[in-house]
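Engineer: I have a structure I would like to understand better, so I am pasting it below and will then ask my questions one at a time.
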Amino acid sequence: MTVPAPEPPALPASAPVPLWVAMYHSVADTTDDDPYQVTVSPARLDRQLRRLRDKGLRGVSVRQLLDAARRGAARGLVGLTFDDGYADFLDEAVPLLRRHDCTATVYVLAGRLGGSNDWDQDGPRKPLLTEEGVRRCAAAGMEIGSHGLLHIDLTRADDRELAEETRLSRELLRAATGRAPRGFCHPYGRLDRRTVRAAREAGYGYGVAIDPPPGLAGVHALPRVHLGERDHAVRLELKLRLHRWRRPAVDLDPATPVPGRAGRSS
């Protein structure tokens, strides 16, 4: 059984850190039938990764980024994340990431391994990673994180559903990979105080969102920047430069209380 490495010492709560974390989904040839813009072509991803490397930046998993930030060594690192656990992450993204000496975090749905993205009713059907595919991603040096079980809006979940989506998904991924995931990705980027608290209490060391409210942004609700097929060199540069002003620096202390009461947030 793999024993997880101990958490590095946290920075003091008075030292918020600006982190740049990119959010991808599927990596495949793009079509017009992609209303949610979840697909980036391998060629576009290759150019984006090359652009980051040309600027002296290296993409890493969120686990690596946070560990480096707590050591004061995150300069030149950016986080790369891929939501939903599409099968093409292994076939298309992993070879490109390794070509550019990068790593990434893939957030998988423990209750849909080997299935498809049935929650996207208007988008193209895409296969998801199998359990063996998840293990191969981990063996390639990628971080495996949880995206819950079934890709539901956790802010609308009852207590039983919320516990299953956070706790059970973590245990299923521990069984599949031999290592409990450290990271949790809030489905649809929707979160409130209750869901953030549930993810933390389930044992996750961090969580990622998209644009969390300033009162919730922190190590269990990290902001991210969407990247896709439309993000050519100029748009990528703007997203890199504007991130510091558009999204707040976050407190990396995992012990910082989630603000507000334990009940459902409105």
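Engineer: With respect to Ser146, determine if the residue is in contact with a Pro (Cβ under 7 Å, 6 or more places away or on another chain), of a type in the set (Ser, Thr, Tyr), in contact (Cβ under 8 Å) with a residue 12 or more places away in the chain and under 14 Å from Ser26 (Cα atoms).
Structural biologist: So Ser146 fails the test.
Engineer: Quick one: how many residues across the range 43-66 are crowded, with 18+ Cβ neighbours inside 10 Å, within 23 Å of Pro181 (Cα to Cα) and of a type in the set (D, E, K, R)?
Structural biologist: Going through the range 43-66 one residue at a time, the tally reaches 1.
Engineer: Oh, and also: Which of the numbered conditions does Val196 fail, given that it passes all the others? Conditions: (1) out of contact with any helix residue (DSSP H, G or I) (no Cβ under 8 Å at 6 or more places or on another chain); (2) over 29 Å from Thr31 (Cα atoms); (3) modelled with pLDDT under 95.
Structural biologist: (3)
Engineer: I would also like to ask the following. Restricting attention to the range 185-218, which residues are of a type in the set (Ser, Thr, Tyr) and without any contact (Cβ under 8 Å) to a residue 60 or more places away in the chain?
Structural biologist: Tyr188, Thr195, Tyr204
Engineer: Which of the residues spanning the range 119-133 are without any contact (Cβ under 8 Å) to a residue 40 or more places away in the chain and surrounded by 15 or more Cβ atoms within 10 Å (Cβ to Cβ)?
Structural biologist: Of everything in the range 119-133, just one residue is without any contact (Cβ under 8 Å) to a residue 40 or more places away in the chain and surrounded by 15 or more Cβ atoms within 10 Å (Cβ to Cβ), namely Trp119.
Engineer: Residues of the range 161-179 being in contact (Cβ under 8 Å) with a residue 40 or more places away in the chain and surrounded by fewer than 18 Cβ atoms within 10 Å (Cβ to Cβ), which ones?
Structural biologist: Selection gives Leu168, Gly178, Arg179.
Engineer: Continuing with the same structure: Return yes or no: is Asp158 farther than 15 Å from Leu90 by Cβ, in contact (Cβ under 8 Å) with a residue 24 or more places away in the chain and either under 17 Å from the mean Cα position of the chain (by Cα) or surrounded by fewer than 16 Cβ atoms within 10 Å (Cβ to Cβ) (or both)?
Structural biologist: Taking the combined requirement at face value, the residue does not satisfy it.
Engineer: A follow-up question, please. Looking for whichever is hydrophobic (A, V, I, L, M, F, W, C) and either modelled with pLDDT under 85 or farther than 21 Å from Ser61 by Cα (or both) here; the options are Leu238, Leu222, Leu227, Leu173. Which one fits?
Structural biologist: Selected residue: Leu238, the only one of Leu238, Leu222, Leu227, Leu173 that is hydrophobic (A, V, I, L, M, F, W, C) and either modelled with pLDDT under 85 or farther than 21 Å from Ser61 by Cα (or both).
Engineer: What helices (runs of 4 or more DSSP H), lying completely within the range 46-163, carry at least 2 residues that are within 26 Å of Ala198 (Cβ to Cβ)?
Structural biologist: 62-70, 131-139, 159-163
Engineer: Identify, from the list Leu149, Leu113, Leu90, the residue that is buried (at least 20 other Cβ atoms within 10 Å of the Cβ) and either under 21 Å from Val250 (Cα atoms) or not basic (Lys, Arg) (or both).
Structural biologist: Selected residue: Leu90, the only one of Leu149, Leu113, Leu90 that is buried (at least 20 other Cβ atoms within 10 Å of the Cβ) and either under 21 Å from Val250 (Cα atoms) or not basic (Lys, Arg) (or both).
Engineer: Regarding the range 23-37, can at least one residue be identified that is crowded, with 17+ Cβ neighbours inside 10 Å and free of Cβ contacts under 8 Å to residues at least 12 places away in the same chain?
Structural biologist: No - not one qualifying residue is present in the range 23-37.
To keep it simple, each residue is scored yes or no on (1) buried (at least 24 other Cβ atoms within 10 Å of the Cβ); (2) within 18 Å of the chain's Cα centre (by Cα); (3) under 18 Å from Ala104 (Cβ atoms).
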site: Tyr188; (1), (2), (3): no, yes, no
site: Ala202; (1), (2), (3): no, yes, no
site: Asp211; (1), (2), (3): no, yes, no
site: Ala217; (1), (2), (3): no, yes, no
site: Glu229; (1), (2), (3): no, no, yes
site: Leu242; (1), (2), (3): no, no, no
site: Ala249; (1), (2), (3): no, yes, no
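The values are calculated or read from the model by the stated rules, or taken from the named source; none is laboratory data. The structure presented is a predicted model; accordingly, all values stated were derived computationally and were not measured. Every residue, glycine among them, receives a Cβ derived from its backbone with ideal geometry; neighbour counts consider all protein chains shown.
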